[in-house]
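Working notes, structure below.
The values are calculated or read from the model by the stated rules, or taken from the named source; none is laboratory data. Only a predicted model underlies this, so the values are computations on that prediction, with no experimental measurement involved. A quick note on method: Cβ atoms are made from the backbone with ideal geometry, for glycine too, and the neighbour counts reach across all protein chains shown. Calculation scope for accessible area: heavy atoms of the full protein, side chains included, ligands and nucleic acids excluded. Shrake-Rupley method; radii C 1.70, N 1.55, O 1.52, S 1.80 Å.
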Amino acid sequence: MRIGSLAGVEPEALRFAHTVLMAGTIASGAELRIEVVIASFFCESCQQGFDSEQGDCLCFRCGSFSRRLLQGRELELTSLELS
Ligand SMILES: [Zn+2]
């Protein structure tokens, strides 16, 4: 799964829920792989993107406020392997 840092989902909470929900089912022991996507914004002043680990939208170069989120709200199932 890909989870954006601004998706509002705590990866550790998701991991815990996954373990609890899968216990006792045929999916028990299924492995959950989580890739956290760091939020990034586009600065109109600098005409460049910037990453924001804390999720704040102030450009670290010029201090401008950015309203263009490039990534960080993902909550995607990227692959499913069955065996
Ligand atoms: Zn900037």
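Observations
- Put simply, of Gly49, Gly72, Gly55 the only residue that is of a type in the set (Gly, Ala, Ser) and more than 20 Å from Glu12 (Cα to Cα) is Gly49.
- The set of residues in region 14-35 being hydrophobic (A, V, I, L, M, F, W, C) and in contact (Cβ under 8 Å) with a residue 24 or more places away in the chain consists of Leu32, Ile34.
- Filter pass, Leu77 being within 13 Å of the ligand (Cβ to nearest atom) and either touching a residue at least 40 places away in the same chain (Cβ under 8 Å) or of a type in the set (A, V, I, L, M) (or both): no
- Total residues in region 29-47 satisfying the condition of being more than 10 Å from the ligand (Cβ to nearest atom) and in contact with a Ser or Thr (Cβ under 9 Å, 6 or more places away or on another chain): the figure is 8.
- Note on region 48-68: among residues that are open to solvent by less than 90 Å² (accessible area, probe 1.4 Å), in a loop (DSSP other than H, G, I, E, B) and in contact (Cβ under 8 Å) with a residue 12 or more places away in the chain, the one that is farthest from the ligand (Cβ to nearest atom) is Gly55.
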